[in-house]
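For reference, the structure discussed in these notes is given below.
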Amino acid sequence: MKKKILTAMCILGCALLTACSGNNSADETKSDASAVQNEESETNAPVESSTSEKDFDGDSYSDTGDGTFMLANASGNTENGNVIVVYVSADTALEQIGYETSGMNGGALSYLYIDGMLSTKEQLGDSQGSLDLSGDFLSSGTHTVEVVQYEDDSEENAVTVYKSASYEVKEK
């Protein structure tokens with residue numbers, strides 16, 4: 001019963017946060033609900049190695065392509081390689097951090113990955129937005145957010161832009 005209430009609260013919270021962000025995309029709300037459902041099913045799935053679960057492995061990439069990407073919250077931003085800090089309580093189900101991009105190719109689709117898992121796809125140029133952090137993305141430790149653009153917007157093709165920034169989760 002608690003899981004159902006928590007899930008309903010997460011879905012409602014995501015819907016409200018999406019509405020407040022000024023983004024009118026109904027598809028994103030559906031994606032958030034799907035992510036919550038997937039998160040529940042993944043909780044019951046057998047544990048696999050983290051490398052096989054990743055959608056993208058950025059270990060072999062360094063900053064490439066035009067533009068800049070940084071994360072931002074109350075602790076500052078990730079400019080010049082800084083790591084922002086996100087404080088959470090044990091009962092925190094959802095937290096948001098902001099991101100800013102400038103000079104990126106707005107004509108290409110940008111894939112945003114958190115710890116190698118696809119978080120969202122956005123059209124970024126000189127942009128600001130927010131990322132929803134939940135589940136494993138709120139576990140204590142350092143996490144990496146990567147922005148990747150692919151040739152012809154297909155994950156099957158070569159990476160044309162790679163940017164990354166990190167945040168650290170600490171318990172309040």
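Below are the figures for this structure:
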| item | result |
| --- | --- |
| Boolean, Tyr150 is closer than 17 Å to Ala72 by Cβ and out of contact with any Gly (no Cβ under 8 Å at 6 or more places or on another chain) | no |
| Test: residue in segment 11-21 that is surrounded by 14 or more Cβ atoms within 10 Å (Cβ to Cβ) and either farther than 28 Å from Asp153 by Cβ or modelled with pLDDT of 95 or more (or both) | yes |
| Criterion: surrounded by fewer than 18 Cβ atoms within 10 Å (Cβ to Cβ), of a type outside the set (S, T, N, Q), touching a Ser or Thr at 6+ places or on another chain (Cβ under 7 Å) and within 18 Å of Gly58 (Cα to Cα) - qualifying residue of Val161, Val83, Val147 | Val83 |
| Hey, Thr101 hydroxyl-bearing (Ser, Thr, Tyr), surrounded by fewer than 18 Cβ atoms within 10 Å (Cβ to Cβ) and assigned by TED's automatic domain parsing to the domain that holds Glu156 or not | no |
| Criterion: at pLDDT 95 or above, under 17 Å from the mean Cα position of the chain (by Cα), in the same structural domain as Val83 (by TED's automatic domain parsing) and buried (at least 18 other Cβ atoms within 10 Å of the Cβ) - qualifying residue of Ser127, Ser134, Ser139 | Ser134 |
| Enumeration of residues in segment 92-118 that are part of a strand (DSSP E or B) and within 14 Å of Ala165 (Cβ to Cβ) | Ile97, Gly98, Tyr99, Glu100, Thr101, Ser102, Ser110, Leu112, Tyr113, Ile114 |
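The values are calculated or read from the model by the stated rules, or taken from the named source; none is laboratory data. These numbers come from a predicted model, not from an experiment. Ideal geometry is used to build each Cβ from the backbone, glycine not excepted, and the neighbour counts take in all protein chains shown.
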